[in-house]
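Reviewing the structure listed below.
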Amino acid sequence: MKVPMRWLADFVDTGLPPAELARRLTMAGLEAEKIEEIGAGWNNVFVGHVDRVERHPDADRLVLADVQAGEHRLTVVTGAPNIAAGQTVALALAGSRLIDGYSDTLQYKTLKPGVIRGVRSDGMVCSEKELGLSGEHEGILVLEPEAPVGAPLADWLGDTVIEFEITPNLVHAFSVLGIAREAAAVATAPLRLPPTFDLRTAPAADNALVQVDAPDLCQRYAAVVVEGIRVGPSPAWLARRLAASGLRSINNVVDVTNYVMLEWGQPLHAFDKDRLHEGRIIVRRAAAGETIETLDHQVRSLGPDMLVIADADRAVGVAGVMGGLHSEVSDDTTTIILEAATFDMRSVRRTARDLRLRTDASARFERGLDPELVGPAAARAARLLLDLNPDSRVTVVRDVYPQPVQPHSIIMPFGLIERILGVAFDPAIVLDALTRLGFDPALAADDDQDRLTVQVPTYRHDVTLPEDVVEEVARIVGYDTLPETLPAGRTPPVVRDPMFRLQTDLRGLLAGAGCTETITYVTASEQHLLTLGADDQGAVGFVHRAPLADLVRLRNPLQSDRSLLRPTIVPSLLEVAAENLKHQTAVHLFELARVYLPQGRDALPREANVCTLLLAGQRDPVNRFATPGDLDFFDIKGIVDVVASHAGVRPSFDVTALPGLHPGRAATLSHAGKPVGVLGELRPDVSARFGLADHRVAVAEIDLDALLVAAQAATPEVRVPRFLPVQQDFAVVVAEETPAADVERALLTGAGALATDIALFDVFRGTQIGENRKSLAYRVTFTAPDRALTDSDLGKARGRIEKVLAQRVGGTLRA
């Protein structure tokens, strides 16, 4: 927001240079982004008076103007159509650097004397564009008659403009008056308010003038009827202030509404009363299918959740955003209805976004305005309109304000200020700082401590807690006054987040395994989740499953077909794989992210950390390093095995059945009987529906939260064995359908505590072992902590293994 210093000086005399004021306000929380000097380059430019204008003797479109500016008297050749004798103008002498008014780009030129059609011209009368005030170049800039002739133009028109970055929580400072209030507080200077019209002296209108049908979206609506208006150009001082603030002048009525918006922070709008059907205002929700042509000449479709300003038959404005074209103020307007209102901030924000129409008014309403601003802003606008139109009068006022807001109080121990800031302030300093901000503080003794009661004005929505009051004291007294002290005591130890460490380790591990990390959006479509498969209870997902109806649904998704917070990442990776396999022979993908699991109605979802993997395509296109063929279940099982082992978990794989996964090619990853993940190959029909009909697709999803718990519980005490381990191989013949995991568990059970490691290294099928039989070869490592193992120890272990194998899996040992 741009704040001209001349405008600010109407309300407060800080006695500070602009740069120092900007620094102090920045230290107080209002960041000054830029300081601009209007007129800094106006050397040799003065306020001049046109004494005489006569035709050029040798040019039809040029005139000769005799202009005097103090001791400077010269003749200027100009083609300006609006120059006339008696005007006060901006006169530039030779040597001035001005903007080239005929160039489309910003170019400066040095003015030199010259001869134009036989007449010498020693200077130039300037347009607004040549001075950098605006883009207007059709005629010269005509100053007010009271401008001091002969004075440097910078003394009359020059100004300093500070541009502030107003964050959403500082709506109370989103105006010149708001900045003035802050400046008065930091500079310990009195604040002056501008003159206003006493609306209480105007007759009150009957209820028919304003009807509010949506009080939940319109907290207050005031309408002021002004008759006898004559629409015309604004005076120069008003147009200049608007231009310095970044707005162009339109006409005196519209300029007043914009001026008050900038000055008070309250957007206003003026309707031509004669163009309103039945001459009244209705504040209502838009009807389904209703349209409006806004002031930017665009026809916009409205929805039933949008608030509009209407007359008896149609919408004439989008509340808080922009007015309608058919009720705008024109040159023929004589009676206006001046609107000042407080609209719901969420409604305005949603409407502006849906219509893709953000305005200066909506930018203020979106932040939440104080309803108490409506009265003073309307009174200020009425005063300006009456001053600019001496024959006009306020005839009727209607203010619909059923539930006025009241200031709220915060009660806190006075010692809280010292406890938070670490420094004790004198009570008089604290009370003075809060009073300067417009608060009403009081200090009273309460038992063994002083208690501070602060009444917060209605325009300070951001002050709700005792800590907010402490912050206000600190920023006004000055953060730079707080003493600098070194921290005392011991530095707390750095504790790294174990989940962050696990994810970081897995990123490096999976990248080393040849996988590429993806980052996909957090929403999923209902269609994709159902395509992946729902069980008999309607639950969807993968390692985590939940009923489709219970999933968290976004009200305003970025993509309308992806409105669910995803319970699994698998559909997202399938989409990425389908796109990449259009120009690659294989993909190895993984993503470490969160999924969102419902926890009940109106409750935030549980955010679970998962690691999702996907393999598809050829294992090795040129058969250099791997067995030829397509990536399959065993490839992804190997990666999952490495991930679990790296986390310190001994993995166990069990056959499972899951919707969407190929029967016999699906497994659960578990540890100590608790599931940790799911892996398998997709059914061909499911792969085809995701655009992967020509590929086998293996997917896995690991619950990282469960894996981390298992890893922390399984962290062993590592000791170097005193005695050498012994390895023995066991070839176990079992039925073809027996899972290898069951055989491994039987081996470990039979071996007992002496077994410290086991690995499957061979699978054999053949006539030697019989039909529908297979031989699984395992290498088991035996270690005893207190002795060297003997053949007797190993023989006993082998006997127990044979017995357990026969009992549990019907297996026998091959000789």
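The values are calculated or read from the model by the stated rules, or taken from the named source; none is laboratory data. Fair warning: this is a prediction, and the values are worked out from it, not measured in the lab. So basically every Cβ, Gly included, is an ideal-geometry build from the backbone, and we count neighbours across all protein chains shown. We work out accessible area using only protein heavy atoms, side chains counted, and drop any ligands, DNA or RNA first. Shrake-Rupley method; radii C 1.70, N 1.55, O 1.52, S 1.80 Å.
Highest mean first, the peptides 455-466, 411-422 sorted by other C-beta atoms within 10 Å per residue fall in the order 455-466, 411-422. Remark on residue 696: its backbone amide H falls under 5 Å from those of 617, a criterion applied only to residues 5 or more positions apart or on other chains, H modelled at 1.01 Å from N.
Shown here are the Rg and Dmax of the Cα trace of the stretch 410-496, at 15.1, 47 Å. For the stretch 679-696, backbone phi angles converted through the Karplus equation (6.51, -1.76, 1.60; θ = phi - 60°) give residue-by-residue couplings of 8, x, 9, 6, 5, x, 5, 5, 4, 5, 5, 9, x, 10, 5, 8, 9, 7 Hz, Gly and Pro being listed as x. Couplings for the stretch 193-208, taken from phi via the Karplus curve 6.51 cos²θ - 1.76 cosθ + 1.60 with θ = phi - 60°, read 9, x, x, 10, 8, 7, 5, 5, 7, 8, x, 7, 7, 6, 5, 5 Hz in order; Gly and Pro are left as x.
Averaged per residue, the chain has 49 square angstrom of accessible surface, using a 1.4 angstrom probe with ligands and nucleic acids left out. In the chain, the portion of solvent-accessible area held by carbon and sulfur atoms comes to 50 percent [1.4 Å probe, whole percent, DNA, RNA and ligands not counted]. When only Cα pairs below 8 angstrom with a gap of at least 6 residues are kept, the stretch 570-656 shows a relative contact order of 21 percent. Expressed in units of 2.2 N^0.38 Å, where N is the residue count, the Cα radius of gyration of the stretch 653-792 is 1.33.
Globularity index of the stretch 701-766 is 1.47 (Cα radius of gyration / 2.2 N^0.38 Å, N = number of residues).
Couplings for the stretch 355-369, taken from phi via the Karplus curve 6.51 cos²θ - 1.76 cosθ + 1.60 with θ = phi - 60°, read 8, 6, 9, 10, 10, 4, 5, 5, 4, 7, 4, 4, 8, x, 8 Hz in order; Gly and Pro are left as x. Amide H contacts for residue 175 (H built 1.01 Å from N in the peptide plane; partners 5 or more residues away or on another chain; cut-off under 5 Å): none found. Helix content alone sets the calculated 222 nm mean residue ellipticity of the chain: runs of n ≥ 4 DSSP H residues at -39500 (n - 2.57) each, divided across all residues, give -7500 deg cm²/dmol. In the distance distribution for the chain, Cα-Cα pairs more than 52 Å apart total 45 percent. Note: relative contact order over the chain, using C-alpha pairs below 8 Å and six or more positions apart, is 8 percent. Scaling the Cα radius of gyration of the stretch 1-152 by the globular reference 2.2 N^0.38 Å produces a ratio of 1.24. Based on the reciprocal of the average 1/r between different C-alpha atoms, the Kirkwood radius for the stretch 292-388 equals 14.4 Å. Applying both filters, DSSP loop and at most 16 other Cβ atoms within 10 Å, to the trypsin sites (Lys or Arg not before Pro) of the stretch 225-270 gives 230, 248. In this structure, the amide hydrogen of residue 189, modeled 1.01 Å from its nitrogen in the peptide plane, lies closer than 5 angstrom to no residue at least 5 positions away or on a different chain.
Cα extents for the stretch 640-715 along the principal axes, largest to smallest and rounded to whole angstrom: 43, 18, 17.
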